[in-house]
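Peer 1: The structure follows.
The values are calculated or read from the model by the stated rules, or taken from the named source; none is laboratory data. Here the structure is a predicted model, which is why all the values come from computation and not from measurement. Backbone-built Cβ (ideal geometry, glycine too); neighbour counts: all protein chains shown. Note: accessible area is taken over every heavy atom of the protein model, side chains too, but ligands, DNA and RNA are not part of it. Shrake-Rupley method; radii C 1.70, N 1.55, O 1.52, S 1.80 Å.
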Amino acid sequence: MSSTSGPSSGPLSTTAYKLFAGSANPELAEKVSEALGIPLGKATVGRFNDGECNIQLGENVRNTHVFLVQSTCPPVNDAMMELFLMVRCFRRASARTVTAIVPYYGYARQDRKTTARVPISASDVAMLLEAAGVDRMLSVDLHCGQIQGFFHHAPVDNLHAFVEHVPFMVKEIIPSYGENPIAIVSPDAGGAHVDERSQHLAGDHHQASRQGGRGRVVPPSPSSADDLEQVEGMNIVGEIKGKHCIIVDDMIDTAGTLCKSADSLREMGALSVSACCTHALFSGPALDRIGKSSLKHVIVADTIPISKDVEEGSPAAFALKEKIKVVSCARLLAQAILSINCGTSVSGSWLFLSSLFAVSKTLG
């Protein structure tokens, strides 16, 4: 693969860089490659008969800035070890820098000690990546912001998928609401900052000052992990009656809490309930639950590949066909890569995309 010098019109000089991908999410890597206008680097990523990773680079990366796209999505441990070994491979091949692009950061929910004698796995993963030789880490909607502090040497850029989700919803979903007000709903207190950003950006793109508001769904505190799938009661904080509700969260796992929240909102008088979440884990019965639920739309990013292996005519198939809308974050990642390579602001990249959408709306 030939190196590229990035956009020639950039304000700062750029350096040679190459883009590589692991096997966790090749579709997203291809989209990022297309957005950048460069081919993916040549690398063989396979498995030996005993399951060990078999990695070999097919081109020279000496003195090159390397960007590696690899979500640590299920199977998490396989993806994590593959990421670790690929970083080590680049280091041994004398790459100048290695930036790990980890759209979905596995183990992110284990960010604190909830009981005695347990690891803080999110921190331990950060230690592993830094020990491997990662110079910088790029992720999308980390489960909690303090994960950035777990990296002691490598800077962490945490991008936000709502930059792509909001324009999609303004164009494809919100027009069907007519003049009825909209309520942005957070599933917990920790997500309040997310719904504030989403509502602010929606206001920039749309005349959303239609007497909308915010709400919060408060599930009872579970006593164990198993209780997360069997939520029996919900408390609603805020006024949602007569409004179209949009639940904003960072991930969907088994969808138990999400579907129960949607049912509770409908029972409290919401006109409709949709969800806008970044990481579509869709573990176990998630797709079936979404298919059977009162959720009208579920907007997710492509940080995790979604399995299409479902039984035809099942609730899961209905969910995939009618409810789930995938909005790619490839353009967001590509702009961040260019910003890192050019030495410009990464946080400003999503503001640029927001402004670009606003201009396109103005020009029709």
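Peer 1: For the range 280-293, which positions are among the small types (G, A, S) and either crowded, with 16+ Cβ neighbours inside 10 Å or on the phi > 0 side of the Ramachandran plot (or both)?
Peer 2: So in the range 280-293, the residues among the small types (G, A, S) come out as 280, 283-284, 286, 291, 293.
Across the range 280-293, the qualifying residues are A280, G284, A286, G291, S293.
Peer 1: In this structure, is F84 of a type in the set (F, W, Y), at pLDDT 95 or above and open to solvent by 40 Å² or more (accessible area, probe 1.4 Å)? Spell out the reasoning first.
Peer 2: Working: of a type in the set (F, W, Y): yes; at pLDDT 95 or above: yes; open to solvent by 40 Å² or more (accessible area, probe 1.4 Å): yes.
For F84, the condition - of a type in the set (F, W, Y), at pLDDT 95 or above and open to solvent by 40 Å² or more (accessible area, probe 1.4 Å) - is met.
Peer 1: Hey, another quick one. Which is touching a helix residue (DSSP H, G or I) at 6+ places or on another chain (Cβ under 6 Å), modelled with pLDDT of 95 or more and among the hydroxyl-bearing types (S, T, Y), of S283, S293? It would help to see each step written out before you state the result.
Peer 2: On the way: S283 fails: touching a helix residue (DSSP H, G or I) at 6+ places or on another chain (Cβ under 6 Å).
S293 is the lone residue from the list that is touching a helix residue (DSSP H, G or I) at 6+ places or on another chain (Cβ under 6 Å), modelled with pLDDT of 95 or more and among the hydroxyl-bearing types (S, T, Y).
Peer 1: I would also like to ask the following. Looking at the range 112-133, is at least one residue outside any helix (DSSP H, G or I), open to solvent by less than 40 Å² (accessible area, probe 1.4 Å) and more than 29 Å from V327 (Cβ to Cβ)?
Peer 2: Yes; the residues of the range 112-133 include at least one that is outside any helix (DSSP H, G or I), open to solvent by less than 40 Å² (accessible area, probe 1.4 Å) and more than 29 Å from V327 (Cβ to Cβ).
Peer 1: Output the number of residues of the range 316-346 satisfying the condition of being without any contact (Cβ under 8 Å) to a residue 60 or more places away in the chain and over 24 Å from F20 (Cβ atoms).
Peer 2: 10
Peer 1: Looking at the range 294-313, which of its residues are in contact (Cβ under 8 Å) with a residue 12 or more places away in the chain and either touching a Phe, Trp or Tyr at 6+ places or on another chain (Cβ under 7 Å) or open to solvent by 20 Å² or more (accessible area, probe 1.4 Å) (or both)?
Peer 2: So in the range 294-313, the residues in contact (Cβ under 8 Å) with a residue 12 or more places away in the chain come out as 294-308, 310.
Those that are in contact (Cβ under 8 Å) with a residue 12 or more places away in the chain and either touching a Phe, Trp or Tyr at 6+ places or on another chain (Cβ under 7 Å) or open to solvent by 20 Å² or more (accessible area, probe 1.4 Å) (or both): S294, K296, H297, I299, T303, I304, P305, I306, S307, K308, V310.
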